[in-house]
Amino acid sequence: MPESAREVIEAVASAFAELPGELPADAGIDGPIGWRGYDDARARARGRTGESESVVCGVGKVGGTEAMLIAFEFGFLGGSLGSGTGLRLESAFSRARELGVPVVSLIATGGSRMQEGMRALSQLQRIARESALTRKAGLPQIAVLREPTTGGGWATLGAGADVTLAVPGAQVGFAGSRVRPPGDPAAYTAEGQLASGHVDQLVEPGELRSKLERWLRLLTTPAEQAAPPPPALGGDGLPDTGWAAVRQARAQARPHTESYVDAYFDWREDLRGDRCGGVDEGVLCGFGQRDGTTVAYAAQCGTATRPAGFRTAARLVRLADRLGIPVLTLVDTPGAANDADAERAGAGPAIAELFAAIAAAQVPVTTLVIGEGGSGGALAFAAPERTWVTPDSYFSVTSPEAAARILKRGEDEVPATADQLRLRPQDLVELGIARGIVAPAR
């Protein structure tokens with residue numbers, strides 16, 4: 001049996017003030033559609049759980065952050081969504097906007113309540129509107145997927161959250177266990193949703209409070225100014241030729257993305273996945289604390305960036321922009337993946353999505369090229385007029401090898417082609433592509 005709503009609230013919050021539990025005026029006996037025995041079922045649920053509905057809502061203190069907590073009581077008719085649930089959720093979201101606090105949904109539900117028919121299903125539209133209004137107000141929403149999270153609860157509060165956490169082993173999916181077709185059961189688990197890019201992190205129950213404390217702090221303490229570019233972690237010697245710049249950027253021994261991100265932030269939490277079924281392990285996105293305030297990051301890790309990577313980065317930039325959090329991007333890629341699978345997955349539209357997200361951002365975006373800057377796949381991560389480069393990097397219209405092929409040159413002409421492309425760090429500054437070359441930390 002899953003933990004009760006109040007047990008979960010007690011596990012994550014140090015204080016909690018419950019909202020009044022308003023209930024709908026049912027039309028007739030046994031609910032809005034006259035389902036025989038519905039009143040008795042609700043009475044049994046109240047006696048078993050001590051709750052009058054399937055959600056408990058109120059303002060709680062999670063670490064140092066006040067938040068609206070929405071906890072599902074699975075023991076009340078399977079945590080199902082009915083008219084009363086919708087009313088309580090509407091009240092909770094409205095109160096969160098009045099107070100200007102984030103919303104944390106602790107979900108355990110089997111979906112819409114059969115005994116209320118379409119009246120129950122229509123609550124999903126009510127929930128979606130409340131979530132949209134809260135998003136428009138610039139308030140973050142975090143979901144915790146407990147056992148189970150299926151149906152409309154997953155398709156609104158769960159999948160619609162800004163950050164989605166899940167308890168390992170939880171059943172997570174739009175189709176519940178009694179209605180799904182035969183097939184791969186792993187697809188309907190927290191682990192399966194993580195692998196598919198629909199869940200950001202798995203969190204053990206005992207670590208849930210500390211994880212929520214970290215996420216709430218990250219999403220509510222934006223830095224007030226643009227993120228400064230990180231200092232170079234390698235040497236400060238500049239390459240004499242274009243080909244030397246390329247070889248230096250491709251060297252395995254130079255500092256890579258993880259080193260830059262770890263050195264830049266005091267601590268951080270990663271986002272995962274594009275919410276379209278894809279994960280690119282070569283793109284690292286998330287939020288980090290630096291000197292007590294938050295900066296978002298979207299970083300390439302040296303591989304060819306796949307469509308899921310561009311979409312995940314665009315998701316990160318849009319979320320940071322809505323929450324007023326400045327963004328740091330790190331460029332390091334030979335270019336966008338251009339194989340047939342990448343084309344079928346929408347390489348062009350995904351790159352366009354990231355270009356648009358950065359172009360539309362109202363928060364400042366800072367870019368540092370730390371390795372290879374290969375063509376449009378690299379440029380999509382870069383901020384116009386706020387791009388810096390390290391001494392061991394290059395940025396080029398395409399790779400010297402591809403440029404030679406396009407110009408029908410032989411392999412022996414690749415180094416000379418690299419020189420002609422003017423891709424060295426000092427060339428990029430002279431051309432106005434980069435604002436400057438960052439020096440190593442002193």
Q: Rank the residues Thr109, Thr305, Thr134, Thr241 as a footprinting-exposure proxy: fewest other Cβ atoms within 10 Å of their Cβ go first.
A: Thr241, Thr134, Thr109, Thr305
Q: Measure nothing but the geometry: give the 0 to 90° angle between the long axis through the Cα atoms of 347-360 and the longest principal axis through the Cα atoms of the chain, rounded to 10°.
A: 90 degrees
Q.
Can you give me the angle between helix 208-220 and the longest principal axis of the chain, using Cα atoms only, in degrees from 0 to 90, rounded to the nearest 10?
A. 60 degrees
Q. Quick one: Trp243, Trp35, Trp154, fewest Cβ neighbours within 10 Å first, how do they rank?
A. Trp35, Trp243, Trp154
Q | Gain in span if fully extended, Arg6 to Ser122, counting 0.36 nm per residue against the direct Cα distance | A | 39.1 nm
Q) Whole-Hz Karplus ³J(HN,Hα) for the range 269-284, in order, using 6.51 cos²θ - 1.76 cosθ + 1.60 and θ = phi - 60°, x for Gly and Pro? A) 9, 8, 8, 9, x, 9, 6, 10, x, x, 9, 10, 5, x, 10, 10
Q. Calculated from DSSP H runs of 4 or more alone, at -39500 (n - 2.57) each and per residue, what is the 222 nm mean residue ellipticity of the chain, nearest 500?
A. -10000 deg cm²/dmol
Q: Excluding residues fewer than 8 places away in the same chain, name every one of the aspartates and glutamates whose C-alpha is closer than 17 Å to that of Lys408.
A: Asp419
**Q.** Full-extension gain in nm, Asn338 to Arg44, via 0.36 nm per residue minus C-alpha separation
**A.** 99.9 nm
Q: Could you work out how far apart the two model spin labels at Thr293 and Asp236 are, taking each label as a point 7 Å from the Cα in the direction of the beta carbon, and quote it in nm?
A: 2.7 nm
Q | Value of relative contact order over the range 242-437, rounded to a whole percent, pairs C-alpha under 8 Å and six or more apart | A | 21 percent
Q.
Once R0 is set to 30 Å, what does the formula 1/(1 + (r/R0)^6) return for the Cβ-Cβ distance between Leu407 and Gln362, expressed as a FRET efficiency to the nearest 0.05?
A. 0.15
(Q) Suppose we keep just the DSSP beta bridges with both residues in the range 5-220; what percent of those would be antiparallel, to 5? (A) 40 percent
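Bear in mind these aren't lab numbers, they're just calculated from the coordinates by the rules spelled out. None of these values were measured; they are calculated from a predicted model. Positions of Cβ are generated from backbone atoms using ideal geometry, with glycine treated the same way; all protein chains shown enter the neighbour counts.
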